[in-house]
Amino acid sequence: MLNRFYNFLDERYRVTPLLRDIADHQVPDHANPTRDMRAFVYCLGGISFMVAILLFTTGVLLAVYYVPAPERAYDSIQYIMNGVAFGPLIRGIHHWGASLLIITMVLHMLRVFFHGAYKDPRQLNWVAGLLLLMAVMGMGFTGYLLPWDQKAYWATNVGTFMAATVPFIGDFIMRVLRGGPELGAITLIRFYALHVLVLPAIIGLLLAFHFLMIRRQGISGPL
Amino acid sequence: MANTIAHTTPSSTPKGAIGRRQFMAYGTGVIGAVIASIVGIPIINYFISPALGHSQATAKSEWKEMGVISQFPVGVPTKVEYSEIQKTGWEVAEARKTVWVVNQGNGQVTAYNPRCTHLGCAVYHDEKANTLNSPCHGGVFRVSDGKVLAGPPPRALDTLPVKVENGHISVIYKDFRVGTTEKIEL
Ligand code: HEM
Ligand code: FES
């Protein structure tokens with residue numbers, strides 16, 4: 001049955017070459033931790049991707065219950081924590097995963113840096129990586145407000161005031177971030193929109209470029 | 001086949017002049033830019049418009065009664081809280097306002113905006129040291145004049161206009177920019 005369905009697809013869309021291309025793609029020896037454990041540093045990018053997938057999955061699950069409005073946000077998260085089966089697990093993975101992703105991304109960057117893997121011809125992939133790091137930090141900044149508790153409120157208060165100290169346009173940047181002079185309902189909903197729609201879309205695109213460039217250029221050679 | 005490539009200029013065009021193909025290419029670029037702005041300007045304005053409006057805090061420059069001077073202990077700050085209806089975007093909610101009032105003794109009164117001048121955390125009274133402290137990055141202010149005693153704040157606590165009439169203290173609440181050495185009203 002499954003076989004017949006596969007053949008149906010393959011006859012029409014020739015999927016076998018695509019799958020072969022992935023399955024036959026060899027990990028070069030110098031990047032293979034089963035040959036030398038020290039090659040594990042090459043896994044840090046993949047681990048970051050795995051953590052990101054975890055964040056996306058748990059994030060979508062949180063969005064099933066979370067309500068991005070000042071009178072509701074805190075209570076909706078209390079409900080996730082106390083009323084929903086596995087709520088604390090899902091939120092816990094999202095909460096700790098957010099910090100873990102920053103750690104694995106920075107370690108991945110250090111690997112690339114010390115191997116000199118950012119050098120010509122891979123300079124654009126380094127740039128893509130930097131943009132990814134900034135987008136993920138944006139996820140951290142916008143996500144942190146969502147619980148709408150004291151820590152969230154004051155952290156965003158301080159964070160947006162930091163933007164306000166930029167010369168000349170600082171006050172304007174702060175107002176754009178807050179959606180007005182004060183922190184309130186408008187701030188919460190726009191942070192939410194950035195957190196679950198805008199930034200994930202940007203991160204998805206950047207990841208696609210990141211991986212396509214790696215497939216084209218291969219992993220950089222041994223030291 | 002060569003002339004199907006967009007950027008080859010037919011040889012009949014004099015050197016340096018813009019040929020038909022080049023003209024069409026520029027034209028397409030211009031039309032593209034126009035379409036991009038027609039789409040882009042509303043999107044950008046939609047996103048930033050709440051930032052362009054002015055502060056909607058109500059009763060901004062009105063005297064607000066804080067209490068009778070004899071109720072305020074001398075030399076220590078007293079936290080006065082009141083609430084007022086404030087509109088942010090569509091949200092109309094009660095906003096809590098805090099003012100720190102210091103009775104200086106000789107009939108003089110000083111009132112501070114509660115925002116730490118570093119990055120805006122609300123200061124609290126450290127009763128042991130009798131200072132006003134920021135909970136965020138260690139800013140410490142002197143009670144008598146708001147001077148910075150420790151930490152990163154770039155200027156003293158912001159004083160508010162105060163008047164004492166028949167023993168009644170009134171204050172005008174104002175907010176100021178944080179993180180700057182000068183006191184700039186918002
Ligand atoms: C790179 C990926 C992501 C990062 C770094 C990230 C970061 C964060 C952080 C730091 C919080 C605050 C959580 C807490 O302290 O308890 C948060 C909350 C939240 N995030 Fe994300 N997030 C990511 C992806 C997503 C995605 C893809 C979605 C949904 C489509 C999402 C939906 C939510 C929701 C609904 C909350 C509020 C619930 C809560 O605070 O527990 N997140 N996120
Ligand atoms: S906000 Fe007060 S010390 Fe930073």
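Looking at region B:98-112, which of its residues are open to solvent by less than 90 Å² (accessible area, probe 1.4 Å) and over 15 Å from B:Pro161 (Cβ atoms)?
Scanning region B:98-112 gives B:Thr98, B:Asn103, B:Gln104, B:Gly105, B:Gly107.
Among (1) farther than 30 Å from A:Val196 by Cα; (2) in contact with a Gly (Cβ under 8 Å, 6 or more places away or on another chain); (3) open to solvent by less than 30 Å² (accessible area, probe 1.4 Å), there is one condition A:Ala31 misses while meeting the rest; what is its number?
Failed condition: (2).
Looking at A:Phe191, A:Phe172 in this structure, which one is within 17 Å of B:Thr88 (Cα to Cα) and at the interface with chain B (Cβ under 9 Å from one of its Cβ atoms)? Steps first, please.
Details: A:Phe191 fails: at the interface with chain B (Cβ under 9 Å from one of its Cβ atoms).
Selected residue: A:Phe172, the only one of A:Phe191, A:Phe172 that is within 17 Å of B:Thr88 (Cα to Cα) and at the interface with chain B (Cβ under 9 Å from one of its Cβ atoms).
Please find, among A:Gly97, A:Gly45, the residue that is more than 10 Å from ligand 1 (Cβ to nearest atom), in contact (Cβ under 8 Å) with a residue 12 or more places away in the chain and open to solvent by less than 60 Å² (accessible area, probe 1.4 Å).
Numbers: A:Gly97 fails: more than 10 Å from ligand 1 (Cβ to nearest atom).
None of the others qualify; the one that does is A:Gly45.
Which of the following residues is away from ligand 2 (no atom under 16 Å from the Cβ) and farther than 30 Å from A:Gly116 by Cβ: A:Leu207, A:Leu183, A:Leu194, A:Leu223?
Only one candidate qualifies: A:Leu194.
Considering each of B:Lys79, B:Lys174 in turn, give the residue that is within 14 Å of chain A (Cβ to nearest Cβ), open to solvent by 40 Å² or more (accessible area, probe 1.4 Å), more than 16 Å from ligand 2 (Cβ to nearest atom) and at negative phi. Step through it out loud before you land on a result.
Values: B:Lys79 fails: within 14 Å of chain A (Cβ to nearest Cβ).
Result of the check over B:Lys79, B:Lys174: B:Lys174.
So, restricting to helices (runs of 4 or more DSSP H) that lie completely within region A:33-133, which ones have at least 2 residues that are modelled with pLDDT of 95 or more and under 25 Å from A:Phe211 (Cα atoms)?
Fully inside region A:33-133 and qualifying: A:44-63, A:87-114.
If you check B:Ser49, B:Ser70, B:Ser37, which single one turns out to be away from ligand 1 (no atom under 16 Å from the Cβ), in the same structural domain as B:Ser134 (by TED's automatic domain parsing) and surrounded by fewer than 17 Cβ atoms within 10 Å (Cβ to Cβ)? Don't jump to the end; show me each part of the working.
Values: B:Ser49 fails: in the same structural domain as B:Ser134 (by TED's automatic domain parsing); B:Ser37 fails: in the same structural domain as B:Ser134 (by TED's automatic domain parsing).
Unique residue meeting the criteria: B:Ser70.
Can you tell me which residues in region A:135-169 are over 23 Å from B:Arg177 (Cα atoms), open to solvent by less than 60 Å² (accessible area, probe 1.4 Å) and more than 14 Å from chain B (Cβ to nearest Cβ)?
Residues of region A:135-169 that are over 23 Å from B:Arg177 (Cα atoms), as a first pass: A:135-140, A:143-144, A:146-149.
Still in the list and also open to solvent by less than 60 Å² (accessible area, probe 1.4 Å): A:135-136, A:138-140, A:143, A:146-149.
Of everything in region A:135-169, those that are over 23 Å from B:Arg177 (Cα atoms), open to solvent by less than 60 Å² (accessible area, probe 1.4 Å) and more than 14 Å from chain B (Cβ to nearest Cβ) turn out to be A:Ala135, A:Val136, A:Gly138, A:Met139, A:Gly140, A:Gly143, A:Leu146, A:Pro147, A:Asp149.
Of everything in region A:75-87, what is more than 10 Å from ligand 1 (Cβ to nearest atom) and either of a type outside the set (S, T, N, Q) or open to solvent by less than 60 Å² (accessible area, probe 1.4 Å) (or both)? Give them in sequence order. I'd like the intermediate steps shown before the answer.
Taking region A:75-87 first, the residues more than 10 Å from ligand 1 (Cβ to nearest atom) are A:75, A:78-79, A:82-86.
Across region A:75-87, the qualifying residues are A:Asp75, A:Tyr79, A:Gly83, A:Val84, A:Ala85, A:Phe86.
If only one of A:Phe209, A:Phe168, A:Phe161 is on the phi > 0 side of the Ramachandran plot and either in contact with a His (Cβ under 8 Å, 6 or more places away or on another chain) or not charged (D, E, K, R) (or both), which one is it?
Values: A:Phe209 fails: on the phi > 0 side of the Ramachandran plot; A:Phe161 fails: on the phi > 0 side of the Ramachandran plot.
Sole residue among the options that is on the phi > 0 side of the Ramachandran plot and either in contact with a His (Cβ under 8 Å, 6 or more places away or on another chain) or not charged (D, E, K, R) (or both): A:Phe168.
Would you mention how many residues in region B:118-149 are away from ligand 2 (no atom under 13 Å from the Cβ) and among the β-branched types (Val, Ile, Thr)?
Number of matching residues: 1.
When only residues in region B:123-143 that are of a type in the set (A, V, I, L, M) and within 11 Å of B:Leu157 (Cα to Cα) count, which is most open to solvent (accessible area, probe 1.4 Å)?
Residues of region B:123-143 that are of a type in the set (A, V, I, L, M), as a first pass: B:123, B:129, B:132, B:140, B:143.
Right, trim to within 11 Å of B:Leu157 (Cα to Cα) and you get B:123, B:132, B:140, B:143.
Working: B:Val123: 8, B:Leu132: 0, B:Val140: 31, B:Val143: 7 Å².
Out of the qualifying residues, it is B:Val140.
Name every residue in region B:177-186 that is within 16 Å of ligand 2 (Cβ to nearest atom) and within 10 Å of the chain's Cα centre (by Cα), in order of residue number.
B:Arg177, B:Val178
Does region B:150-165 contain any residue that is within 14 Å of another protein chain (Cβ to nearest Cβ), open to solvent by 40 Å² or more (accessible area, probe 1.4 Å), small (Gly, Ala, Ser) and within 14 Å of ligand 2 (Cβ to nearest atom)?
The answer is yes, given that some residue of region B:150-165 is within 14 Å of another protein chain (Cβ to nearest Cβ), open to solvent by 40 Å² or more (accessible area, probe 1.4 Å), small (Gly, Ala, Ser) and within 14 Å of ligand 2 (Cβ to nearest atom).
The values are calculated or read from the model by the stated rules, or taken from the named source; none is laboratory data. This is a predicted model, so every value here is computed, not measured. Don't worry about glycine lacking a Cβ; one is built from the backbone with ideal geometry, like all the others, and counts go over all protein chains shown. Heads up: the accessible areas ignore ligands, DNA and RNA and are worked out on the full protein's heavy atoms, side chains in. Shrake-Rupley method; radii C 1.70, N 1.55, O 1.52, S 1.80 Å.
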